[in-house]
Amino acid sequence: MKKLFLFSAILLVISSKISAQIIHSHNDYEQKQPFFAAYDLGFDSIEADLYLKDGELCVAHDQKDVSTERTLRKLYIEPLLAKIQENGGYPYPNKKSLHLLLDLKKQGKEIMQVLDAQLKPYKKELRHVKISISGDMPKPEEFQNYDKMFSFDGRKSLVYSKKAFKRIYMVSASFTDFGKYWAGKEALSQDTADKISVFVNEMHAKNKKVRLWGTPNTKLGFETLKALQVDVIGTDDLPLLRNFIDSSK
């Protein structure tokens, strides 16, 4: 009981100091309407997992689901470019930018070559879209070899040079790096909360955003991440997170 009381008190203190979070559509391609389900709800960030097949960038979570009928170009880039044209150069009509997280599942180097070829012709149009590369991404010392339109998803376990760290948009970690699996139905343990807070504060001191993956799709889960100042809150349940953010303003 004492542990829960202490953590609740911490949440109240921290909550008064936090800024707005980035709401992220995790594995967005698994939505009934990829891109549009998140976009229509005003999500700040959208994630797509990529495989390379027959020279095309295919969007899927598992290799067995890869299909050239579901490409990055068709599901994301073309509708995004259409919205940018419609909104006078911005992804959203209110001039809000958009973050596109591309998780390279395999063949990272080859995928980067295709991404470069497909996206650089639209570099001007995509200037208000932050594109981050995750998964099988280049080594930190190779970041400089890629166009600056690409940022990278940092890792808690890696050490970066000052030059490479400038190319990091956010630093990500698995929730289980800090404690055991949490379903988000009861208060987080004090020990896990303290570990997350240390990590968040360390990254914020370096002016970097923080994302945790493997977090629960519950209101308590969202509340806890928000209170701990985790910048990017991901979900598979888009309306639930949207409603939580709107009701907590």
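For the stretch 127-144, the Karplus equation 6.51 cos²θ - 1.76 cosθ + 1.60, evaluated at θ = phi - 60°, returns couplings of 5, 9, 10, 8, 10, 10, 9, 10, x, 7, 8, x, 5, x, 5, 9, 3, 5 Hz by residue, with Gly and Pro reported as x.
A simple count of charges around LYS185, restricted to other residues whose Cβ falls under 15 Å of its Cβ and scoring Lys, Arg +1 and Asp, Glu -1, yields -1.
Normalised Debye scattering of the stretch 137-249 at q = 0.11, 0.14 Å⁻¹ gives log10 I(q)/I(0) of -0.40, -0.62, counting only Cα atoms as equal scatterers and leaving out solvent.
Each other residue within a Cβ distance under 14 Å of LYS195 adds +1 if Lys or Arg and -1 if Asp or Glu, for a net charge of -2.
Label 7 Å along Cα→Cβ of ASN94; the stretch 206-239 residues with amide nitrogen under 20 Å? Residues 226, 231-235, 238-239 fall inside that zone.
Going by a ≥ b ≥ c, the root eigenvalues of the Cα gyration tensor, does the stretch 87-141 fall in the rounded group (a/c under 1.5), the prolate group (a/b larger than b/c) or the oblate group? Prolate is the answer for the stretch 87-141, as a/c is 1.5 or above and a/b outweighs b/c.
A straight chain from VAL114 to ASP194 at 0.36 nm per residue would run longer than the Cα-Cα distance by 24.6 nm.
Near LEU52: Cβ cut-off under 11 Å, other residues only, Lys/Arg at +1 and Asp/Glu at -1. The net charge is 0. Computed packing ranks the peptides 34-42, 224-232 as 224-232, 34-42, most packed first, by mean other Cβ atoms within 10 Å. Is the shape of the stretch 68-107 best called rounded, prolate or oblate, per the rule: a/c under 1.5 gives rounded, else a/b larger than b/c gives prolate, else oblate, with a ≥ b ≥ c the square roots of the Cα gyration tensor eigenvalues? Oblate shape, in that a/c is at least 1.5 and b/c is the bigger or equal ratio. Under 5 Å between amide hydrogens, built in the peptide plane, is the criterion, and for ASP49 it picks out TYR29, ALA60, ASP103 among residues at least 5 positions away or on other chains.
Over the chain, the Kirkwood radius and the radius of gyration, each from Cα atoms, give a ratio Rg/Rh of 0.97. Dividing the summed -39500 (n - 2.57) terms of all DSSP H runs of n ≥ 4 by the residue count of the chain sets its mean residue ellipticity at 222 nm at -9500 deg cm²/dmol.
Every read-out reported here was derived from the displayed coordinates using simple, explicitly stated rules and does not represent laboratory data. Being a predicted model, the structure only gives us computed values, none of them experimental. Heads up, the Cβs are rebuilt from the backbone with ideal geometry, glycines too, and the neighbour counts pull from every protein chain shown.
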